[in-house]
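A.B. asks: Can you read through this structure? Questions will come right after.
The values are calculated or read from the model by the stated rules, or taken from the named source; none is laboratory data. Quick caveat: nothing in here was measured; it's all calculated off a predicted structure. Accessible surface is based on the protein model in full, side chains and every heavy atom, while ligands, DNA and RNA are left aside. Shrake-Rupley method; radii C 1.70, N 1.55, O 1.52, S 1.80 Å.
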Amino acid sequence: MDNDPSELSEIKSHSKSKTYSAEEKELIMARLNEERLIHQRAEEELKGHKRSFTEEEKKKILAKLNEKRLSKQKREEIKKRRLHNKKRYKIGNKEFYKFKNMEREYYIEVADCDKITNRASIVTLYYKSVSEFEVKKKDVLIKTEIYSDKFFVSYNLTRVYFKGYSLEDEK
């Protein structure tokens, strides 16, 4: 781009000719102030300056921290409910939990239950064959949800359809 004086004057005159309403000016000033504050805080953090917060900012920070704490506490309670007072079965030298209301009696290793998160993962479930002495394996997709104390299982690894199952309770 060459710096022709006629082009520069056109740009200046064009930018001066645009007028803004009071609402638009307020909005523009608010955005600019917000950007300035963001940059100012970032610079202060880089320089290592300690910054004091206003009462409103302190309340917002405390509210966010409290919300995170409550959310974490609720997740822990649901996780505990998911595994607390559940009947354990010993097959060979391993311990298992048994799922209720599934198409057959599926068992999951106790160690695998701690690894299951809200992200679907492949887990091996065990079931007894007709002879009752032979234990077979089946790989399934399994996950948990934050709001539920059930495990969500998809039998098919390619066509993902999750159905909720809980573990057998202690009697």
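A.B. asks: May I ask you to list the lysines whose Cα is less than 24 Å away from that of residue 137, ignoring any residue fewer than eight positions away on the same chain?
C.D. replies: 86, 87, 90, 94, 98, 100, 115, 128, 150, 163
A.B. asks: Mind running the shape call on the range 130-171? Use the C-alpha gyration tensor, a ≥ b ≥ c as the square roots of the eigenvalues: rounded below 1.5 for a/c, prolate if a/b tops b/c, oblate otherwise.
C.D. replies: Oblate, since a/c reaches 1.5 and b/c is not below a/b.
A.B. asks: Straight-line reach from residue 59: which aspartates and glutamates have Cα under 20 Å away, leaving out those fewer than 8 places along the same chain?
C.D. replies: Hits, sequence-local ones excluded: 34, 67.
A.B. asks: Across 5 Å bins from 0, what is the distribution of all Cα-Cα pair distances for the chain, in whole percents?
C.D. replies: Histogram of Cα-Cα distances, whole percents per bin: 1, 6, 10, 12, 10, 7, 6, 5, 6, 7, 7, 6, 5, 4, 3, 3, 2, 1, 0.
A.B. asks: With 20 Å as the cut-off, how large is the P(r) tail for the range 87-169, expressed as percent of Cα-Cα pairs?
C.D. replies: 28
A.B. asks: Give me the 1.4 Å probe accessible area per residue for the range 22-119, excluding ligands and nucleic acids, in Å².
C.D. replies: 87
A.B. asks: Helix-derived [θ] at 222 nm for the chain: sum -39500 (n - 2.57) over DSSP H runs of at least 4, divide by residue count, nearest 500?
C.D. replies: -14500 deg cm²/dmol, from helical runs alone.
A.B. asks: Residue by residue through the range 31-43, which ³J(HN,Hα) values in whole Hz follow from phi under the Karplus form 6.51 cos²θ - 1.76 cosθ + 1.60 (θ = phi - 60°), with glycine and proline marked x?
C.D. replies: So the Karplus estimates, Gly and Pro as x, are 5, 4, 5, 4, 4, 4, 5, 4, 5, 5, 5, 4, 5 Hz.
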